[in-house]
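Let me begin by presenting the structure, written as structure tokens, before commenting on it.
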Amino acid sequence: MLRIDPLRNPEPLIRRIYSYVAYRIGDGPDAEDVTSDTFERALRYRKSYDHARGEPVSWLLGIARRCIDDFFSHRLALAEKPPEMPAPGDLEEDTARRLILATVMSGLGERDRELIALKYGADLTAREIGEFLGLKTNAVEVALHRALGRLRETLDDGEPSALSTAAKAL
């Protein structure tokens, strides 16, 4: 039986998994750690990868989901810190938008967050998301459209102008 190495070209996979994780838990060191944990587990269990069951990115997304669950279960034990204010400079507006988006995303339901993270973080198509979640493509498109609508609604309800700027970017 021919074994296919799911990690033979890791660079694009690392980027996609990091983006997915960043959409779920926020950009930065935590996302880097969870991405690292994902690939450590993938290396440990790479012999269990079955090409017949899907592409490497789907296999890695499954591992990443478990790593994210572990991250949140460990985080529950820690006291939550208030969000940091963005540092002044050229990146201030972008940082503010990211913080606002992360805050608004945390107010969405688990399914909405997952769909948005798979679409924009992991850069999957609706068909790929459907295959990954066991849903029909049309159901994914409708659910994603509704999730983005709820996200836009929440952004539009906020007072700061950065909220409306972030909403327009969607």
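The values are calculated or read from the model by the stated rules, or taken from the named source; none is laboratory data. The model shown is predicted, which means the values in this text are computed figures rather than measured ones. Side chains included, ligands, DNA and RNA excluded: accessible areas come from the protein's heavy atoms. Shrake-Rupley method; radii C 1.70, N 1.55, O 1.52, S 1.80 Å.
Below is a table of values for the structure above.
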| quantity | calculated |
| --- | --- |
| With DNA, RNA and ligands ignored, accessible area of His51 (1.4 Å probe; Å², nearest 10) | 90 Å² |
| Separation between Cα centres of segment 29-46 and segment 119-146, rounded to whole Å | 24 Å |
